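Working notes, beginning with the structure itself.
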Amino acid sequence: MKILLSNDDGYQAPGIVALHRALQQVAEVEVVAPEHNNSAKSNALTLNAPLYVHQAANGFRYVNGTPADCVHIALTGLLGYRPDLVVSGINNGANMGDDTIYSGTVGAAMEGYLFGIPAIAFSQVDKGWGELEAAAQKAADMVRQMTTQKLIGPAPWLLNVNIPNLPLEALRGIKLCRLGRRHAAERVITQVSPRGETMYWIGGAGAALDASEGTDFHATALGHVSVTPLKIDLTDHQNLGYWAQTAARLSA
Ligand code: MN
């Protein structure tokens with residue numbers, strides 16, 4: 001099995017180094033990852049500047065672009081073959097609820113999924129890389145089990161996985177979850193630059209609004225590994241009927 005591994009924290013981040021080491025027990029793994037931190041870049045592609053690929057001493061290739069750039073370049077020419085699985089992470093911090101809309105970690109995996117390849121985004125719940133080796137081992141175990149159960153094949157799927165920062169023996173089982181919801185983000189932070197201009201810093205993501213049973217927030221708070229299958233069709237299927245009537249009135 002061949003795995004393409006990327007992330008959004010950059011190719012030197014401890015999360016991708018640990019995950020690369022662990023996944024090598026299971027598959028051939030090639031890394032193509034951003035040169036710098038690209039958190040919250042979602043699926044952004046760089047269209048207005050050239051991209052360069054360099055190789056680090058450990059064999060990791062890094063790109064002066066976004067997570068989606070890395071996977072896109074890898075799959076459209078750089079690798080020269082089609083990987084069986086695209087893996088992203090392990091991210092420095094949770095990607096739960098609406099985080100998944102902004103997440104570069106999810107973006108890298110989603111780019112693989114868009115190309116028809118099964119893909120998994122892994123994140124640790126807390127920032128700071130606590131119990132990273134356990135998370136990497138858990139991730140590799142999951143991939144190994146998926147291989148054994150022949151889940152990795154021609155049909156694409158996209159999984160979002162959050163792993164609590166716990167030792168392996170304290171991690172509870174995998175729980176299939178829906179995405180929770182966060183509150184609206186915290187206030188923007190303003191400062192005055194040395195030149196007297198107001199600078200705006202995007203505020204924190206806010207606490208969980210829906211952390212009820214069945215959500216990723218709920219499961220990980222109890223020590224479970226949360227797994228959420230994601231899709232990319234944003235159509236509001238439930239309300240298509242309502243909008244069909246409303247749209248008819250608008251065009252009358
Ligand atoms: Mn990140």
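The values are calculated or read from the model by the stated rules, or taken from the named source; none is laboratory data. Being a predicted model, the structure only gives us computed values, none of them experimental. Cβ sites come from the backbone with ideal geometry, for glycine too, and all protein chains shown count toward neighbours.
For the range 72-97, which residues satisfy the criterion of being outside any strand (DSSP E or B), crowded, with 20+ Cβ neighbours inside 10 Å and touching a strand residue (DSSP E or B) at 6+ places or on another chain (Cβ under 6 Å)?
Answer for the range 72-97, where residues must be outside any strand (DSSP E or B), crowded, with 20+ Cβ neighbours inside 10 Å and touching a strand residue (DSSP E or B) at 6+ places or on another chain (Cβ under 6 Å): A74, P83, A94, N95, M96, G97.
Are any of the residues in the range 184-196 crowded, with 16+ Cβ neighbours inside 10 Å and either at pLDDT below 95 or under 20 Å from the mean Cα position of the chain (by Cα) (or both)?
Checking the range 184-196: not a single residue is crowded, with 16+ Cβ neighbours inside 10 Å and either at pLDDT below 95 or under 20 Å from the mean Cα position of the chain (by Cα) (or both).
Based on what the data block shows, is S226 surrounded by 12 or more Cβ atoms within 10 Å (Cβ to Cβ) and either touching a Lys or Arg at 6+ places or on another chain (Cβ under 7 Å) or at pLDDT below 95 (or both)?
Taking the combined requirement at face value, the residue satisfies it.
Filter the range 94-119 down to residues that are farther than 18 Å from I73 by Cα and away from the ligand (no atom under 15 Å from the Cβ), then give me how many there are.
The qualifying residues number 2.
Have a look at G15, G65 and point out the one that is more than 14 Å from the ligand (Cβ to nearest atom) and modelled with pLDDT of 95 or more.
G65
Taking only pairs six or more apart or across chains, which ones have beta-carbon atoms under 7 Å, a first residue in the range 77-104 that is without any contact (Cβ under 8 Å) to a residue 60 or more places away in the chain, and a second residue that is in a loop (DSSP other than H, G, I, E, B) and within 14 Å of the ligand (Cβ to nearest atom)?
Partner pairs satisfying both residue conditions: G93/D126; G93/K127; I101/S42.
Within the range 141-155, how many residues turn out to be outside any helix (DSSP H, G or I) and either touching a Gly at 6+ places or on another chain (Cβ under 7 Å) or among the charged types (D, E, K, R) (or both)?
Looking only at that region, the number is 1.
Tell me, which strands (runs of 3 or more DSSP E) wholly within the range 183-252 include 1 or more residues that are β-branched (V, I, T)?
Where strands (runs of 3 or more DSSP E) fall fully within the range 183-252 and carry at least 1 residues being β-branched (V, I, T), they are 189-192, 198-201, 224-229.
Just to be sure I understand the filter: pairs with C-beta atoms under 8 Å, separated by 6 or more residues or on different chains, first member in the range 122-143 and within 13 Å of A94 (Cβ to Cβ), second member in a helix (DSSP H, G or I) and of a type in the set (A, V, I, L, M, F, W, C). Which pairs pass?
F122/L19; F122/A135; F122/A139; Q124/L132; Q124/A135; A135/A18
Can you tell me which residues in the range 33-55 are away from the ligand (no atom under 16 Å from the Cβ) and either of a type outside the set (S, T, N, Q) or over 28 Å from A185 (Cα atoms) (or both)?
L45, L47, N48, A49, P50, L51, Y52, V53, H54, Q55
Only one residue in L132, L151, L158 is within 22 Å of A22 (Cα to Cα) and within 16 Å of the ligand (Cβ to nearest atom), so which one is that?
The unique qualifying residue is L132.
Return a yes/no flag: does the range 12-29 have any residue that is surrounded by 16 or more Cβ atoms within 10 Å (Cβ to Cβ), touching a residue at least 40 places away in the same chain (Cβ under 8 Å) and within 13 Å of the chain's Cα centre (by Cα).
yes
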